[in-house]
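Student: Handing you a structure now.
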Amino acid sequence: MVNILEFVLVLILLVTIVHLMLAVYLKFMEKDILNYFKVLDQVQFFPGFQYNSEAGSYAASIQAVSKHLMPQTTVVYYNGGCTFESGNWENSQILYTFSDNQKPAIILSKLGNGYGILSGVHFEYDPYLLEEQLVIKSLLDETKNVKLIETLKSHNSSRLKLFNNLMTTLLNSDCNSFFQLIRSTSQLSCIT
């Protein structure tokens, strides 16, 4: 029986390989998906971000834009993330927004013959592994970090459902139908 840590490490490896393959493909095709978006990382939704630090980390609440997305809400790790703006959303669809301000947190974008996900939050972070990392760095005893870990743990089942559903969506051969379904049922009246 494969233990959960091995499973998570294999998933991270697979996501990294897919990411690298996508980067090579985009470079070869002289397309860069981020050129389609103004990445708003200069707007700090949660102040205090510092590289190599948990100073700006938060448990960010996100919500689905369609009743066809599961989970409808969850809380995920955020540390220096971003949101996205675009003048042309024709090839992209917002999937989740930050609950506080309805700014895009996770989007699905058409990339050539496939799809990709851009995320301003870390839905891939497992709070139990993050806790181990903080123990190693001797940062877990900070009150803010204890609260962060406990909040993330209490929402871990919905985070796992989000992770699973996003990966399933990307691997689904009929992703275009899903894209159109979400677009047609999005609760967003306008996109900024």
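The values are calculated or read from the model by the stated rules, or taken from the named source; none is laboratory data. Small disclaimer: the values here were computed from a predicted structure and weren't measured. Every residue, glycine among them, receives a Cβ derived from its backbone with ideal geometry; neighbour counts consider all protein chains shown.
Student: Could you look through the stretch 73-96, keep only residues that are more than 15 Å from SER109 (Cβ to Cβ) and modelled with pLDDT of 95 or more, and pick out the one that is farthest from the chain's Cα centre (by Cα)?
Tutor: So, considering only residues that are more than 15 Å from SER109 (Cβ to Cβ) and modelled with pLDDT of 95 or more, the one farthest from the chain's Cα centre (by Cα) is THR73.
Student: May I pose another question? Check GLU54, GLU90, GLU124 and return the single one that is in a loop (DSSP other than H, G, I, E, B), under 22 Å from THR169 (Cα atoms) and touching a residue at least 24 places away in the same chain (Cβ under 8 Å).
Tutor: Of the residues listed, the single one that is in a loop (DSSP other than H, G, I, E, B), under 22 Å from THR169 (Cα atoms) and touching a residue at least 24 places away in the same chain (Cβ under 8 Å) is GLU124.
Student: A follow-up question, please. Please go through the stretch 64-87 and pick out each residue that is surrounded by fewer than 17 Cβ atoms within 10 Å (Cβ to Cβ) and touching a residue at least 24 places away in the same chain (Cβ under 8 Å).
Tutor: LYS67, HIS68, MET70, THR73, GLU85
Student: For the structure I just gave you, tell me whether THR143 is without any contact (Cβ under 8 Å) to a residue 40 or more places away in the chain and either aromatic (Phe, Trp, Tyr) or closer than 20 Å to ALA64 by Cα (or both). Working first, answer last.
Tutor: Working: without any contact (Cβ under 8 Å) to a residue 40 or more places away in the chain: yes; either aromatic (Phe, Trp, Tyr) or closer than 20 Å to ALA64 by Cα (or both): no.
No.
Student: Please pick out the residue among LEU111, LEU148 that is surrounded by 14 or more Cβ atoms within 10 Å (Cβ to Cβ), under 19 Å from PHE84 (Cβ atoms) and touching a helix residue (DSSP H, G or I) at 6+ places or on another chain (Cβ under 9 Å).
Tutor: Sole residue among the options that is surrounded by 14 or more Cβ atoms within 10 Å (Cβ to Cβ), under 19 Å from PHE84 (Cβ atoms) and touching a helix residue (DSSP H, G or I) at 6+ places or on another chain (Cβ under 9 Å): LEU111.
Student: Check LEU148 against each of (1) touching a residue at least 60 places away in the same chain (Cβ under 8 Å); (2) under 22 Å from LEU5 (Cβ atoms); (3) within 15 Å of the chain's Cα centre (by Cα) and name the one condition it does not meet.
Tutor: The single condition LEU148 does not satisfy is (3).
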